[in-house]
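Okay, structure first, notes after.
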Amino acid sequence: EAGVVQSPRYKIIEKKQPVAFWCNPISGHNTLYWYRQNLGQGPELLIRYENEEAVDDSQLPKDRFSAERLKGVDSTLKIQPAELGDSAVYLCASTHGRERETQYFGPGTRLLVL
Amino acid sequence: GQNIDQPTEMTATEGAIVQINCTYQTSGFNGLFWYQQHAGEAPTFLSYNVLDGLEEKGRFSSFLSRSKGYSYLLLKELQMKDSASYLCAGGYNKLIFGAGTRLAVHP
């Protein structure tokens, strides 16, 4: 069974430029999460989807960040415009959506904003 | 509020035993997870505790005390490949992760 797939793995952009990250969850997983992980810190939830519905986006900086999961499968996270402080690893995770279920993480996208 | 605390760094010797502690304060509780994360890689699941007590899984064991808001991860017969960050995570509707404990295993 394929794991969570993310692309690109690495991205270097200049500040004020837009950037997008893509995630394909494990097949059959209804719940999808986007996390941001700063160096030396644990992952912080940005947004959680149940199928195509964003059920928790309270931590998403909505002035510059947006996300979509139009068909309830793969998802895109966008930053526009990027700021220096956005440099981090962006992780995608998925589960079936059952209570107390283990989250499976993708390899992440390492973003560097110059 | 929700808060999870764990030590920043630990060192240990190959073949030894190490215990990584985690204390938590959450407005709701639905289980306590431990994840392992090697440098530059994604977190991978190690263990899950929802009831008090010790869960053993090979060289790794995890303990939970809900009344004390305390958990630990016990690693036995340490190997060099165990050098990684260990993340404690808990919460109710969503997981709150600790900052992770960087474990360095030396020969």
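Read the figures in this text as sums done on the coordinates, not as results from a lab. What you are looking at is a predicted structure, and each value in this text was computed from that prediction instead of being measured. A quick note on method: Cβ atoms are made from the backbone with ideal geometry, for glycine too, and the neighbour counts reach across all protein chains shown.
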Exercise for review: Tell me, please, whether a residue that is buried (at least 21 other Cβ atoms within 10 Å of the Cβ) and more than 23 Å from B:Trp34 (Cα to Cα) can be found in the stretch A:19-30.
Suggested key: yes
Check your understanding: Restricting to the stretch A:93-111, what's the tally of residues that are more than 9 Å from every other protein chain (Cβ to nearest Cβ) and under 14 Å from A:Arg36 (Cα atoms)?
Key -> 2
Review point. How many of the residues in the stretch A:69-90 are touching a residue at least 60 places away in the same chain (Cβ under 8 Å) and within 13 Å of chain B (Cβ to nearest Cβ)?
Key: 1
Practice item. Output the number of residues of the stretch B:1-12 satisfying the condition of being within 12 Å of chain A (Cβ to nearest Cβ) and of a type in the set (A, V, I, L, M, F, W, C). Key: 1
Exercise for review: Taking B:Ser62 as the residue in question, decide whether it is under 14 Å from B:Gly15 (Cα atoms), among the polar types (S, T, N, Q) and within 14 Å of the chain's Cα centre (by Cα).
Suggested key: no
Exercise for review: Name the strands (runs of 3 or more DSSP E) wholly inside the stretch B:13-100 in which the number of residues that are among the hydroxyl-bearing types (Ser, Thr, Tyr) and more than 14 Å from chain A (Cβ to nearest Cβ) is 3 or more.
Suggested key: B:70-75
Check your understanding: Within the bounds of the stretch B:21-40, is there any residue that is free of Cβ contacts under 8 Å to residues at least 40 places away in the same chain and not aliphatic (A, V, I, L, M)?
Key -> yes
Practice item. Under 8 Å between Cβ atoms, at least 6 apart or on separate chains: pull out the pairs that start in the stretch B:1-17 with a residue that is surrounded by fewer than 15 Cβ atoms within 10 Å (Cβ to Cβ) and end on any residue that is part of a loop (DSSP other than H, G, I, E, B) and charged (D, E, K, R). Key: B:Gly15/B:Glu77; B:Ile17/B:Lys76; B:Ile17/B:Glu77
Study note, to complete from the structure: Residue pairs within 9 Å by beta carbon, gap of at least six or interchain, first lying in the stretch A:25-48 and at positive phi and within 11 Å of chain B (Cβ to nearest Cβ), second of a type outside the set (Gly, Ala, Ser) and surrounded by 17 or more Cβ atoms within 10 Å (Cβ to Cβ), listed first then second, are A:Gly40/B:Arg102
